[in-house]
Amino acid sequence: MILTEERLQDLLDKSLAGLPSGTEWAVTLEGSIAEGFGNPSSDIDFLLVGRDGDDLPTMPTLLFVDGRRVELRTRSVHQLAEQLRAVEREAGRPGRLSEDLLNRCQRVLHSHPLRGHALVEEVKALLPVERFRRITADWWAHRARQSLRHATALLCLGESDEAADWTGAALVQSVKSWAAGLGETYLEPKWLSMQLDRAGRTDVRDRFWALESAAVPPGDAAAARARLTDCLDFAEELGLTDVPRRPERLTVARVPRVTTWQTGERVHVVRDGRDVFALGEDAASVWRSLVLGRSLPRVLADGAATGVTDPGPLLAAFLRYGLVRLAWKGGGTVTPALPLAAPPGPVTPPPSAEQPLLSVRGAAVTGSRAVDLLPLPADRFAASAMALVWSNVVVENAVEDLTGALQRGQRRVAELTARRAVHAALRGLFSAHGVNPLPADTDLVRRMDLLPAASGPIGVGARELLGRSVESARDGDALRAELRRFIALVRAAVGADSFPLSFESASTWRATLRLGHDWLRLGAHLGAELPIEEARDLLTANGAQPHQAP
């Protein structure tokens, strides 16, 4: 160690002086200095062990003593015993063994007792060091396999730069597994150079550093593949088994609670009942080509058969966002992970900034290859979309009523009906921007500040129409013409300019029902509030009118 026993005891005395008296502690030094590593900036990590059965805080106390940073951690014998037993319980399932738990146990087992030696050794005896070496080696080997399989998949998908990074991770994990089998179980890779020096195999050490320093130029798929091959060879030489020589053993598998909903030509993918991804045209073609359970090379070929250029990065995005998963035949889901990093799992990208968010045909996207996350939870997305469709139905109904009122000279009815049409159109506008629940109809025109500035002219037009009166037939005709222009302006803004003229004919009504049914299915699946209770009958009838003969 870089500090003498006498110096450690002195630092311990001064550190304990600041703690409440009355507790008898066994004390052991853990961490890099106890391992024989460390430098003048390294923490002094004291673990205080109490016989009391009560659980003690996990958070350390940080002190500054004689120019050194000291961390005091406390654990009861009961807590330490539970941690060591938990490692033993999960020994046969390294994928479920957490890095934090393994690290805490490693530090205890390799610690240097300073006081209460008998109690410290009693705790250590609960998990023999030889057994812990095997568990740690298996844990690193599992991670190395996952990284190698992930790198193989990324190369297959044309993501060579990312594949090279995961190859580098696998290289470290492979040699850490080998070193752990020789007793070098300290988890943090920062002391790897000293661990390899102590292991005494200069051939392994030199081969590792040669591979580690081999640069892969950005975008050079051939160099990335060559480095992966070298890493696979090295891993096998170190004793790692079941390395991924055949990408055909990688399969694309289903992820629970990921569902697909198509509205018009737009494909929406809902993740975990919460997040909605909208796919551009090319992304949707590749998504629709997926046959889950097939090998990754076959899935890639299926994507290319759609005519989409370079489908690999789109498949990689689906994997990255957790819309599908990779599995290894006989080896479960591929879950790569890095030490001391964020836990593995699906990436959630920043929400799309497209405005408005929705149209009656589906969510807005940023491009043909887009896999855009909508800035709405799934239930609000569905509720907004249903409100958008229903508002357009109400607009068509109101315009029809307005036409009839004007034909009969019912001027006051015409005024109220025109206002109803304006309010319904505004409901559609707000819904297209994801506002849900909606403001009251009377408040809509005052809440235009919730929408982008480009919606300003619509607000001006709405205020003018809401103040119009009908004093003559000419006023009525002008009102109807201006209302139609206003509705066209709103629909152009929200992508509803192709909305069927619902009440013009049987065919346009059927088109309206089909459109509404697409959204109602998604809304019902997500438990979103339906716009009207009658909509349940449309669901029950699978999009047809309930009393219509086959």
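How about region 407-452: which of its residues are closer than 20 Å to residue 362 by Cα and of a type in the set (A, V, I, L, M, F, W, C)? Show your work before the answer.
First, pick out the residues of region 407-452 that are closer than 20 Å to residue 362 by Cα: 424-438, 451-452.
Selection gives 424, 425, 426, 429, 430, 432, 435, 438, 451.
Would you kindly identify the helices (runs of 4 or more DSSP H) lying entirely within region 95-180 that contain at least 1 residues that are among the aromatic types (Phe, Trp, Tyr)?
Working: elements: 99-109, 117-124, 129-156.
Filter on region 95-180 gives 129-156.
Would you check which residues across region 35-54 are farther than 15 Å from residue 73 by Cα and not charged (D, E, K, R) and list them?
36, 37, 38, 39, 40, 41, 42, 53
Go through region 342-396 and give me each residue that's assigned to a loop (DSSP other than H, G, I, E, B) and of a type in the set (D, E, K, R).
Residues satisfying the conditions are 354, 361, 369.
Which one of 175, 216 is surrounded by 21 or more Cβ atoms within 10 Å (Cβ to Cβ) and either among the acidic types (Asp, Glu) or modelled with pLDDT under 95 (or both)?
Selected residue: 216, the only one of 175, 216 that is surrounded by 21 or more Cβ atoms within 10 Å (Cβ to Cβ) and either among the acidic types (Asp, Glu) or modelled with pLDDT under 95 (or both).
Return the total of residues in region 425-449 being among the small types (Gly, Ala, Ser) and within 21 Å of residue 375 (Cα to Cα).
So the answer is 4.
Quick check, is residue 260 in contact with a Leu (Cβ under 8 Å, 6 or more places away or on another chain) and either touching a residue at least 12 places away in the same chain (Cβ under 8 Å) or within 29 Å of residue 360 (Cβ to Cβ) (or both)?
No: the conditions fail for residue 260.
Can you find a residue that is surrounded by 13 or more Cβ atoms within 10 Å (Cβ to Cβ) and touching a Pro at 6+ places or on another chain (Cβ under 9 Å) anywhere in region 48-60?
Checked region 48-60: no residue is surrounded by 13 or more Cβ atoms within 10 Å (Cβ to Cβ) and touching a Pro at 6+ places or on another chain (Cβ under 9 Å).
Yes or no: residue 87 surrounded by 12 or more Cβ atoms within 10 Å (Cβ to Cβ) and assigned to a strand (DSSP E or B)?
When the stated conditions are applied, residue 87 does not pass them.
Residues checked against (1) polar (S, T, N, Q); (2) surrounded by fewer than 15 Cβ atoms within 10 Å (Cβ to Cβ); (3) assigned to a helix (DSSP H, G or I):
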position	(1), (2), (3)
204	no, no, yes
222	no, yes, yes
226	no, yes, yes
231	no, no, yes
239	no, yes, no
243	no, no, no
248	no, yes, yes
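Tell me the helices (runs of 4 or more DSSP H) entirely within region 424-516 that contain at least 1 residues that are over 37 Å from the mean Cα position of the chain (by Cα) and modelled with pLDDT under 90.
441-444
Taking only region 57-84 into account, find how many residues are free of Cβ contacts under 8 Å to residues at least 24 places away in the same chain, assigned to a loop (DSSP other than H, G, I, E, B) and under 22 Å from residue 33 (Cα atoms).
4
Name the pairs: first residue in region 407-420 and assigned by TED's automatic domain parsing to the domain that holds residue 391, second residue among the small types (Gly, Ala, Ser) and assigned to a helix (DSSP H, G or I), Cβ to Cβ under 7 Å, at least 6 apart or on different chains?
Pairs that qualify, where the first residue is assigned by TED's automatic domain parsing to the domain that holds residue 391 and the partner is among the small types (Gly, Ala, Ser) and assigned to a helix (DSSP H, G or I), are 411/476; 413/405; 414/405; 414/476; 417/398; 417/405; 420/398.
Among the residues of region 172-181, which ones are closer than 10 Å to residue 145 by Cα and either among the hydroxyl-bearing types (Ser, Thr, Tyr) or more than 25 Å from the chain's Cα centre (by Cα) (or both)?
174
Scan region 183-202 and tell me whether some residue there is acidic (Asp, Glu), in the same structural domain as residue 146 (by TED's automatic domain parsing), more than 24 Å from residue 340 (Cβ to Cβ) and not in a helix (DSSP H, G or I).
No, region 183-202 has no match at all.
Within region 155-213, count every residue that is among the aliphatic types (A, V, I, L, M) and in contact with a Cys (Cβ under 8 Å, 6 or more places away or on another chain).
Keep residues of region 155-213 that are among the aliphatic types (A, V, I, L, M), which gives 155, 157, 163-164, 169-172, 175, 179-180, 182, 187, 192, 194, 196, 199, 204, 210-211.
Restricting the remaining residues to those that are in contact with a Cys (Cβ under 8 Å, 6 or more places away or on another chain) gives 170-171, 211.
The qualifying residues number 3.
So which of 291, 267, 252, 299 ends up being within 27 Å of residue 385 (Cα to Cα) and either not assigned by TED's automatic domain parsing to the domain that holds residue 180 or not in a loop (DSSP other than H, G, I, E, B) (or both)?
Testing whether each residue is within 27 Å of residue 385 (Cα to Cα) and either not assigned by TED's automatic domain parsing to the domain that holds residue 180 or not in a loop (DSSP other than H, G, I, E, B) (or both) leaves just 267.
The values are calculated or read from the model by the stated rules, or taken from the named source; none is laboratory data. If you're wondering where the values come from, they're calculated on a predicted model, not measured in any experiment. Counting neighbours? That spans all protein chains shown, and the Cβs are built from the backbone with ideal geometry, glycine included.
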